[in-house]
Amino acid sequence: MTEPAPAFDPVIHAPGRLQICAILSSVDSAEFAMLREAVKVSDSVMSKHLKQLEEAGHVALTKATEGGRQRTWIALTPTGRKAFAAHVAELQRLAAMTAPDLPRAGGRDDKAGNSP
């Protein structure tokens, strides 16, 4: 399999949706409540994220009854997996371009003798 060409995906790029795609990329599918707890958002926010991902063709939702309760399972589609891989490749490409001697977060510059 060839590596995807680096490309930002504006639907995936939002932090919550990026987390959802990252979780789904390592499993066949995940249950709604597990994703909601992992991303630490409310039901309504999770639903909005999933709707945007579904409209873009990145995820598929399946409803099933288990133990008398309806559960929603989410899976990345093949298109979603490719888009996520391309998005991660673009982030990695950009990260590789950063200069190693830039000041670190918090404004400390190790070269100036301000190391912790």
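Read-outs: derived from the displayed coordinates by stated rules, not from any lab. None of the values given here were measured: they were computed from a predicted structure. Reconstructed Cβ throughout: ideal geometry from the backbone, glycine too, with neighbour counts over all protein chains shown.
Any chance region 11-27 includes a residue that's among the hydrophobic types (A, V, I, L, M, F, W, C) and over 24 Å from Gln92 (Cα atoms)? Spell out how you get there, then give the answer.
Of the residues in region 11-27, the ones among the hydrophobic types (A, V, I, L, M, F, W, C) are 11-12, 14, 18, 20-24, 27.
Still in the list and also over 24 Å from Gln92 (Cα atoms): none.
No, because not a single residue in region 11-27 is among the hydrophobic types (A, V, I, L, M, F, W, C) and over 24 Å from Gln92 (Cα atoms).
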- Within region 61-88, considering residues that are surrounded by 13 or more Cβ atoms within 10 Å (Cβ to Cβ) and over 16 Å from the mean Cα position of the chain (by Cα), the one farthest from Ala33 (Cα to Cα): Leu61
- Within region 65-81, which residues are within 18 Å of Met46 (Cα to Cα) and assigned to a strand (DSSP E or B)? Gln70, Arg71, Thr72, Trp73, Ile74, Ala75, Leu76
- Looking across region 1-48 at residues that are over 14 Å from Lys82 (Cα atoms) and acidic (Asp, Glu), the single one that is surrounded by the most Cβ atoms within 10 Å (Cβ to Cβ) is Glu31
